[in-house]
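Worksheet: one structure, shown below.
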Amino acid sequence: MCEKSSGRKAIESYIKHEDMVDNAVKLGRANGFDVSPTEGNDPKGDVKVIAKDTKAFLKLLGETIDKNQAKRGKNNAK
(Lines give C-alpha, C1' and ligand atoms only; values in the text may rest on other atoms or scores of the structure.)
Protein backbone atom coordinates (compact mmCIF):
# COMPACT_ATOMS: atom_id res chain seq x y z
CA MET A 1 0.00 0.00 0.00
CA CYS A 2 1.32 3.42 -0.85
CA GLU A 3 1.78 6.17 1.71
CA LYS A 4 -0.84 8.92 1.96
CA SER A 5 -0.03 12.24 0.35
CA SER A 6 0.50 15.28 2.55
CA GLY A 7 -2.68 16.78 1.11
CA ARG A 8 -4.76 13.74 2.10
CA LYS A 9 -3.20 13.78 5.59
CA ALA A 10 -4.07 17.48 5.95
CA ILE A 11 -7.68 16.88 4.89
CA GLU A 12 -8.05 13.96 7.29
CA SER A 13 -6.57 16.04 10.11
CA TYR A 14 -8.98 18.89 9.34
CA ILE A 15 -11.97 16.52 9.39
CA LYS A 16 -10.86 15.07 12.76
CA HIS A 17 -10.54 18.62 14.11
CA GLU A 18 -14.03 19.57 12.95
CA ASP A 19 -15.43 16.35 14.49
CA MET A 20 -13.82 17.33 17.82
CA VAL A 21 -15.35 20.81 17.63
CA ASP A 22 -18.78 19.34 16.85
CA ASN A 23 -18.48 16.89 19.75
CA ALA A 24 -17.41 19.64 22.17
CA VAL A 25 -20.46 21.70 21.17
CA LYS A 26 -22.77 18.68 21.54
CA LEU A 27 -21.29 17.88 24.97
CA GLY A 28 -21.77 21.45 26.15
CA ARG A 29 -25.32 21.72 24.90
CA ALA A 30 -26.25 18.32 26.36
CA ASN A 31 -25.11 19.64 29.74
CA GLY A 32 -27.08 22.87 29.50
CA PHE A 33 -24.31 25.25 28.47
CA ASP A 34 -24.71 28.05 25.92
CA VAL A 35 -22.13 26.77 23.41
CA SER A 36 -21.79 27.17 19.65
CA PRO A 37 -19.13 26.69 16.97
CA THR A 38 -17.47 29.87 15.72
CA GLU A 39 -17.80 31.03 12.14
CA GLY A 40 -14.84 31.35 9.82
CA ASN A 41 -11.30 31.71 11.15
CA ASP A 42 -11.90 33.20 14.60
CA PRO A 43 -8.61 33.98 16.38
CA LYS A 44 -10.31 33.34 19.75
CA GLY A 45 -10.90 29.67 18.94
CA ASP A 46 -13.39 27.25 17.44
CA VAL A 47 -16.01 27.07 20.19
CA LYS A 48 -17.90 30.05 21.57
CA VAL A 49 -19.08 29.75 25.19
CA ILE A 50 -21.08 32.36 27.06
CA ALA A 51 -18.85 33.95 29.73
CA LYS A 52 -20.78 32.63 32.74
CA ASP A 53 -20.45 29.03 31.45
CA THR A 54 -16.75 29.10 30.50
CA LYS A 55 -15.15 27.64 33.65
CA ALA A 56 -17.78 24.91 34.09
CA PHE A 57 -17.62 23.98 30.39
CA LEU A 58 -13.82 23.75 30.41
CA LYS A 59 -13.97 21.58 33.54
CA LEU A 60 -16.54 19.28 31.92
CA LEU A 61 -14.49 19.09 28.72
CA GLY A 62 -11.31 18.26 30.64
CA GLU A 63 -13.04 15.58 32.72
CA THR A 64 -14.57 14.05 29.61
CA ILE A 65 -11.22 13.94 27.83
CA ASP A 66 -9.56 12.36 30.89
CA LYS A 67 -12.32 9.75 31.17
CA ASN A 68 -12.09 8.88 27.46
CA GLN A 69 -8.30 8.61 27.57
CA ALA A 70 -8.52 6.31 30.61
CA LYS A 71 -11.02 4.13 28.73
CA ARG A 72 -8.78 4.07 25.68
CA GLY A 73 -5.82 3.10 27.86
CA LYS A 74 -7.75 0.16 29.34
CA ASN A 75 -8.76 -1.05 25.87
CA ASN A 76 -5.17 -0.82 24.59
CA ALA A 77 -3.89 -2.80 27.60
CA LYS A 78 -6.06 -5.81 26.72
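The label point for Glu3 and the one for Lys67, both projected 7 Å from the Cα toward the Cβ, are 4.0 nm apart.
When the solvent-accessible area of the chain is split by element, carbon and sulfur atoms take up 54 percent of it, the probe being 1.4 Å. Over the chain, the pair-distance histogram of Cα-Cα distances with 5 Å bins from zero comes to 3, 13, 17, 19, 17, 14, 10, 5, 2, 1, 0 percent, rounded to whole numbers.
What does the accessible area per residue of region 29-78 come to in Å², with a 1.4 Å probe and no ligands, DNA or RNA counted?
Working: 4210 Å² over 50 residues.
On a per-residue basis, 84 Å².
Of Lys26/Lys67; Lys4/Lys67; Lys48/Lys74; Lys44/Lys71; Lys26/Lys48; Lys16/Lys48, which sit over 22 Å apart, Cα to Cα? Working shown, then result.
Working: Lys26/Lys67 17 Å; Lys4/Lys67 31 Å; Lys48/Lys74 33 Å; Lys44/Lys71 31 Å; Lys26/Lys48 12 Å; Lys16/Lys48 19 Å.
Listed pairs above 22 Å: Lys4/Lys67; Lys48/Lys74; Lys44/Lys71.
Using a simple spin-label model with pseudo-atoms 7 Å out from Cα toward Cβ, Lys55 and Asn75 lie 3.4 nm apart.
The values are calculated or read from the model by the stated rules, or taken from the named source; none is laboratory data. Computed from a predicted model, the values in this text were never measured in an experiment. Positions of Cβ are generated from backbone atoms using ideal geometry, with glycine treated the same way; all protein chains shown enter the neighbour counts. To get the accessible areas, we keep the full protein, side chains included, count just its heavy atoms, and leave off ligands, DNA and RNA. Shrake-Rupley method; radii C 1.70, N 1.55, O 1.52, S 1.80 Å.
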